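Everything on this sheet refers to the single structure shown next.
The values are calculated or read from the model by the stated rules, or taken from the named source; none is laboratory data. Keep in mind the model is a prediction, meaning the values are calculated, not measured. Cβ placement follows ideal geometry from the backbone for every residue including glycine, while neighbour counts extend to all protein chains displayed. Note: accessible area is taken over every heavy atom of the protein model, side chains too, but ligands, DNA and RNA are not part of it. Shrake-Rupley method; radii C 1.70, N 1.55, O 1.52, S 1.80 Å.
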Amino acid sequence: MELEKLISHALQVMPPSKRQKALSLNVDMSKVIHMGLNENPYGPSPKAEEAYSSVKEELKYYPDFAATKLKETIAEFYQLKPENVLTGSGSSAMIDMLGITFLNPGDEVLFCAPTYGAFTDMAYLNGAVPVSVPVTKEQKFDLDGMLHAVSEKTKMVIICNPNNPTGTYVSEREIISFLEKLPDHVVTVIDEAYIEFATEPDCCSMTDYLRKNPDVPLLILKTFSKYYGMAGLRVGYALGPEQMILAMRRCSASWNLSVSAQMAAVEAIRDQEYYQKGKELVVAGREYLTGELRSLGCKVYDSQSNFIYFDTGKDPSYIQEQLLLRRIRIGAFACSRVTVGTMEECRYFISQLKEILSL
């Protein structure tokens, strides 16, 4: 069998996904402290857990493919209409639907690098061309640089805000100014997976802008995986103009949200009091890590997310492997990235990193 003749050309020319990077050490991951994938250590609301546990009698039936109640709950929360809401199995599924719905071979997808690797994968898998502009010296999205890179072939621009893996942000004013300068043939996608962790007043969701400008070609991606502590259930959603959301609903990935995921997500978004308390703990951990990393001589980029991007002056892969030997998993990019864990986990991480840097 000649496998290459069977696989699509798009998949053949796609570089290895950065999201599939394997760790080189043989370590029992069940015994590792997870500070590498930006999960919320405080988990979901007890009300969401109760809803998840209550679905036993429903498992023999298919879910509501339209996720009606969840869409209504999300729409009410953002003061939008259910027709403005699309749901799917996590942010990755939402990004896949973006590519299927809007991209043609040869279209350009514009973003800054580094950012979330799913957008590069989406471009390649749909025959489009990923075009990246470097982030600024402060590791922020370079919106002016992106504007200069827009061409007739640009079909989609991506802004990850706060950005993953850098944790930095661009202000609402900067994003609005950017949107108003884009040509009409461009779809703007703003990935707000971490926006709920932000504390700076001008680091805010673009949902208000969407509400006031219902016809602008703008899609906002959100998730229940991070702030809502439900990464294992895979619930993502998008907000956008009715016509664009209607087009994306033609993708089969929009029908596949499980019964348990839908019910848990409904109760999660209703229990904002629980999550505000969790946010306070995450922010306290973020401030602790930022101060301690700087005291160790690391270059630390101010974060508005639930992770810290920092430079130890050593190879990030080396730091990652040394920490993994000590039961801590973090991320390795051009710099190192550590997720905010519990305060106990944060203190243990700092103690171990201190030893590694002294070697």
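Here are the numbers for the structure shown:
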{"read-out": "Highest-fluctuation residue, GLY127, GLY88, GLY240 considered, GNM on the chain with Cα pairs under 10 Å", "value": "GLY127"}
{"read-out": "Within the chain, percent of DSSP bridges classed antiparallel, to nearest 5", "value": "45"}
{"read-out": "Spin-label model distance (nm) - GLN272 vs ARG294, 7 Å beyond Cα toward Cβ", "value": "3.1"}
{"read-out": "Relative contact order %, the chain, counting alpha carbon pairs below 8 Å whose residues are six or more apart", "value": "25"}
{"read-out": "Global form of the chain, assessed from the alpha-carbon gyration tensor, a/c cut-off 1.5", "value": "rounded"}
{"read-out": "Charge dipole magnitude, Cβ of K and R +1, D and E -1 - the stretch 18-87, Cα centre, debye nearest 20", "value": "380"}
{"read-out": "Heavy-atom accessible surface of the stretch 217-320: percent carbon and sulfur, 1.4 Å", "value": "49"}
{"read-out": "Separation of the VAL259 and THR342 label points, Cα + 7 Å toward Cβ, nm", "value": "3.3"}
{"read-out": "Heavy-atom SASA rank of ILE158, ILE100 (probe 1.4 Å, accessible area, largest first)", "value": "ILE100, ILE158"}
{"read-out": "Options ILE328, SER252, GLY106, ranked by Cα towards positive dipole end of the chain, top entry (Cβ charges)", "value": "ILE328"}
{"read-out": "Fully extended contour minus Cα-Cα distance, from TYR318 to SER151, at 0.36 nm per residue", "value": "56.2 nm"}
{"read-out": "Estimated FRET transfer efficiency (ASP208, MET14; beta-carbon r; R0 35 Å; 0.05)", "value": "0.45"}
{"read-out": "Listed residues PRO82, CYS204, ASN161: farthest to the positive end of the dipole of the chain (Cβ charges)", "value": "ASN161"}
{"read-out": "Protection proxy ranking of 338-350, 59-71, 309-321, 6-18 - average other beta-carbon atoms within 10 Å, highest first", "value": "338-350, 309-321, 59-71, 6-18"}
{"read-out": "Given charges at beta-carbon only (K, R positive; D, E negative), |dipole| of the chain in Debye", "value": "660"}
{"read-out": "Unit charges on C-beta of K, R, D, E only; dipole of the stretch 1-147, Debye", "value": "280"}
{"read-out": "In nm, spacing of pseudo-spin labels at LEU357 and ALA66 (7 Å Cα→C-beta vector)", "value": "5.5"}
